[in-house]
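Novice: Structure incoming, see below.
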Amino acid sequence: MMSPHSKFEVATLAGGCFWCLQPVFQELKGVEKVEVGYTGGHLANPSYEAVCTDTTGHAEAVQITFDAQAVPYVDLLRIFFSVHDPTTLNRQGADEGTQYRSAIFFHTPEQEKAARQVIAEVNDAELWRHPIVTEVTAASTFYRAEEYHQDYFRKNPFAGYCRAVVAPKVAKFRKQFADRLKK
C-alpha cells in the first residue's frame with residue numbers, strides 16, 4: 001500500500017510472537033516504523049487477552065512501514081522466512097495456536113505475487129526440511145496492540161522470554177544480515 005504523496009509502503013507479516021519480529025525489522029535499513037498488533041480475524045478491536053484465547057481468528061503480526069527503494073518488499077519477505085519457521089502450522093516453538101501462525105497479509109496484487117514468488121523460491125531452495133505453510137491472504141484491519149507490547153524487546157531485554165527466544169532470533173538476524181542493518 002502506498003499513497004501517491006508518500007515514498008513509504010506497508011507490509012503486514014505474522015510469524016509467531018510479535019515480540020520476535022518487531023526488533024528484527026526495526027534494525028533494517030529502509031524501515032521507517034514497525035508496530036505490533038492483531039489482524040486476520042473476525043473480532044473488532046481485540047485485546048491481547050482475547051487473541052490469546054485462540055477464538056478471534058487474529059494473528060499476532062507486525063505492520064512495517066518501509067521505503068521500497070531502500071529495502072524492496074521481496075527482501076522483507078526473504079528476511080521474514082529466515083527469522084521464523086514457516087513450516088509449522090499454527091505454532092512457533094512452544095507458542096501454539098492460530099494467533100502464532102505464519103502469514104503474509106498482502107496490501108496490493110503486486111505484494112501477493114511477490115509473496116507467492118518468494119515462497120516458491122524458498123521451497124525450491126529447500127531451505128527448510130518441510131514445505132512452507134505460510135498463509136497468503138488479503139490484508140484486513142490491523143489493530144495496534146496495547147502499548148506495553150510495543151518495543152517489548154527494547155524495554156525488557158532481560159525478561160525470560162526475551163533472553164531465551166527473542167534475543168537468539170535477533171542475534172541470528174544481525175549476523176546473517178549485518179550489511180543491511182541501520183548504523
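What follows draws every value from the coordinates through simple rules; no lab data is involved. Everything numeric in this text was worked out from a predicted model, so none of it was measured. Note that each Cβ is placed from the backbone with ideal geometry, even for glycine, and that neighbours are counted across all protein chains shown.
Novice: Once you place label points 7 Å from the Cα toward the Cβ at Lys183 and Glu146, how far apart are they in nm?
Specialist: Here the answer is 4.0 nm between the modelled labels.
Novice: Moving to a separate point now. Report the full-extension gain for the segment Lys172 to Asn156: residue separation times 0.36 nm, less the Cα-Cα distance, to one decimal in nm.
Specialist: 3.9 nm
Novice: Given R₀ = 25 Å, what would the calculated FRET efficiency be for Glu27 paired with Glu110, taking r from the Cβ atoms and rounding to 0.05?
Specialist: 0.50
Novice: Now, a different point. For Trp128 and Thr55, what is the calculated FRET efficiency with R₀ set at 45 Å and r taken between the beta-carbons, to the nearest 0.05?
Specialist: Taking R0 as 45 Å, the efficiency between Trp128 and Thr55 is 0.95.
Novice: Using alpha carbons only, how many angstrom separate the centre of region 48-72 from the centre of region 112-183?
Specialist: Cα centres, region 48-72 to region 112-183: 10 Å.
Novice: Want the number for Thr65 to Ala44: 0.36 nm per residue separation, take away the alpha-carbon distance, what's left?
Specialist: Difference between extended and current length: 5.3 nm.
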